[in-house]
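Notes to accompany the following structure.
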Amino acid sequence: MQIGVIGYNSGSLPIKSKTLDLAYEVGSFIARKNAILVCGGLGGVMEYSCKGAKDNNGFTIGIVPQEDYSSANKYCDAVICTGVGLSRDFIVAYSSDGLISVGGGVGTLIELCVGYIAKKPMISISDSGGISDIYGGKYLDERNRMMIEKTESPMEAVEYILKRNELR
């Protein structure tokens, strides 16, 4: 099982410590459930979730927008260098069995849109900021293909993705 963690990159806006703590917890629970963490491989939410996974003996995959691995955070076990810039958001979403959003800006929204089109289970962490707070508990359009569920609990978010994939 591969669970995508999406959210703020450290290169954009300042990120609240609460958001980073939530990302760390998500990564920790993914590892404890023996799932693989997939992310965009850079800083911010991606780095903190990878650190949480690594601190709990998990395996992490970073899918970076650059052509070489040097931009990946140090907690990525495997780095996939795409060289396609932000188009890598599609690869993150399609490589995941479900998506957990923690905060986030427009890149996170792109990943959620791809998840929506692909009918992937998606859940946002409430009070983590940005896109996760704006779209949690909503559909992205009137077709109502897949709701972006919401929870305050990183553990419940991971459990939701695992359970939804058992039912598929």
Taking the Cα centre of the chain as the origin, how large is its charge dipole in debye, to the nearest 20, when only Lys and Arg (+1) and Asp and Glu (-1) carry charge on their Cβ atoms? 260
When only the heavy atoms of the protein chains count and the probe is 1.4 Å, how do Glu111, Glu156, Glu25, Glu166 rank by accessible area, highest first? Glu166, Glu156, Glu25, Glu111
Any chance you could list the semi-axes, whole Å, largest first, of the equivalent ellipsoid that the Cα gyration tensor gives for the chain, using √(5λ)? 21, 17, 16
Could you give me the ³J(HN,Hα) list for the stretch 143-152, computed from phi with Karplus coefficients 6.51, -1.76, 1.60 and θ = phi - 60°, whole Hz, x at Gly and Pro? 6, 6, 5, 7, 6, 8, 5, 9, 7, 8
What residues from the stretch 22-39 fall in the zone where the backbone N is under 13 Å from a label point 7 Å along the Cα-to-C-beta line of Asn57? 31-35
Ordering Arg32, Arg145, Arg88 by accessible area with a probe of 1.4 Å, largest first, what comes out? Arg32, Arg145, Arg88
Counting sequence-distant residues (5 or more places) and residues on other chains, those with an amide H built under 5 Å from that of Ile80 are Gly62, Ile63, Val64
Between Ser70 and Ser10, how high is the FRET efficiency from 1/(1 + (r/R0)^6) when r is the Cβ-Cβ distance and R₀ = 25 Å? Nearest 0.05. 0.95
So what's the back-of-envelope 222 nm ellipticity for the chain, counting only DSSP H runs of four-plus at -39500 (n - 2.57) apiece and dividing by all residues, rounded to 500? -11500 deg cm²/dmol
Restraint check, Lys74/Lys150; Lys54/Lys163; Lys16/Lys150; Lys18/Lys54; Lys51/Lys120; Lys18/Lys119, Cα-Cα greater than 27 Å: Lys74/Lys150; Lys18/Lys119
Roll a 1.4 Å probe over the protein heavy atoms and report the accessible area of Met155 in Å², nearest 10. 100
When the solvent-accessible surface of protein heavy atoms is calculated with a 1.4 angstrom probe, in what order do Arg143, Arg164 fall, highest first? Arg143, Arg164
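The values are calculated or read from the model by the stated rules, or taken from the named source; none is laboratory data. The model shown is predicted, which means the values in this text are computed figures rather than measured ones. So basically every Cβ, Gly included, is an ideal-geometry build from the backbone, and we count neighbours across all protein chains shown. Side chains are part of the model used for accessible areas, which takes the heavy atoms of the whole protein and leaves out ligands, DNA and RNA. Shrake-Rupley method; radii C 1.70, N 1.55, O 1.52, S 1.80 Å.
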